[in-house]
1. What's the local net charge at residue 66, with K and R +1, D and E -1, over the other residues with C-beta under 11 Å away?
2. Testing the spin-label approximation: label points 7 Å from Cα along Cα→Cβ at residue 75 and residue 176. State their distance in nm.
3. Convert each backbone phi in region 101-112 into a coupling constant with the Karplus relation 6.51 cos²θ - 1.76 cosθ + 1.60 (shift: θ = phi - 60°), then list the ³J(HN,Hα) values in order as whole Hz, x for Gly and Pro.
4. Enumerate the amide H contacts of residue 214 below 5 Å, restricted to partners 5 or more residues apart or on another chain; note that Pro and chain-start residues carry no placed amide H.
5. In µm²/s, what is D for region 91-130 at 20 °C and 1.002 mPa s, where D = kT/(6 pi eta Rh) by Stokes-Einstein and Rh is the Kirkwood radius from Cα pairs?
6. Within 12 Å, Cβ to Cβ, of residue 96, how many net charges do the neighbouring residues add up to if Lys/Arg are +1 and Asp/Glu are -1?
Amino acid sequence: MTKLDALLSPKRLVIGFGLLTVVMLVIAASTSTAAFGIYNNAWDGTAELQDIAETTGATTTIARETTAYTQSTPTETLSVILSPDQPYSQEDRQQIESYVRNGGTLVVADDYGSHTNGLLSDLGAEARLDGQPLRDEQFNYRSPAMPVANNVTNHSTVDNVSSVTLNHGTAVNPNNASVLVSTSHYAYLDTNQNQSLDASETVGSYPVVTTEQLGQGTIIVVGDPSLFINAMIEKSGNRVFAHSLFAGHSHVVLDYSHTASLPPLAVALLLLRDSLLLQFLIGVGGTLAVFIVLQTDGLMRLKRRVTRTQSQPAAIEVTETDLVTHLRKEYPDWDDERIQRVVTARRKAPDTETQQE
């Protein structure tokens, strides 16, 4: 059999296919394709956002429920909500509002979603997302649909930020909120969405980031969640902007409680991390499993040894008379004295098998 035939043997192929299947299942269970997903490493995911938060020294929490807002110290925490695709219940809104009013910072980023303005209203915030595509023919990244907003207010929240780059974002109507970042004076809202400037559309500077106080806390509204995705985070100013938001907070909550589901393996790991009882049970179960495997292996070894011993043929006893007869037959030229010396030496020789045992 050639080496190629050995490699392509049915047994090896089955084992290889099984291993490949397991690897693919693990990858599928630990990653996500959801837009803005923290476990999505593709262009539209936000896998890098957690890394940016941790570069500031903050610990991060991936929130699956709004109860995460009740489990942190508000004055030390910043929370991020990106483009929620599910409505918030009254209990959810109350938990978030209590967190903000007690000193927490909440960043809400969206563009055309139908749930964000309702959440802002229920929380008592003034700012609202406009919901119309924002374009800039002069200051943009490759396309008017990707405006570079370069009017930045002198404010501690945006220290060192010179601009942010949007990707099909919208404006933020501040009402009584303070404007942190605005577009150039060449931007406009494409109200009829024909991707061109019409006579009915007004050219000017439009706010894209606002901040306002709510109780003792702060709500920051951003008119584009895409600013934080993997494909955009390295564009002009975006990484610095995200880093500036996170700086000064010891804890960052990335709220995915009202967005597409997290991958199952990620959920399992989050559950394990959050539950001491589950950690204890898995630890005990793992220890018992190892003990059982070791005990089973020991019993199997003992069983094989007993079986091997029982299958060995019984030793045949050879008497001196038999040995003398054999020697005379095989060596007829030997005299009796020589034969006797051999028999005597055989009798005095140590039992090899006994020594080995």
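Coordinate-derived values only; no laboratory data. Everything numeric here is computed off the predicted structure, so don't read it as measured data. Cβ sites come from the backbone with ideal geometry, for glycine too, and all protein chains shown count toward neighbours.
1. Details: positive: 64, 93; negative: 65, 91, 92, 97, 255.
It works out to a net charge of -3.
2. 2.5 nm
3. Karplus-based 3J(HN,Hα) across region 101-112 equals 4, 8, x, x, 10, 10, 9, 10, 10, 7, 10, 10 Hz.
4. Residues meeting the amide H criterion: 219.
5. Numbers: Rh = 10.7 Å.
Stokes-Einstein gives a translational diffusion coefficient of 201 µm²/s.
6. After counting each charged neighbour, the total is -4.
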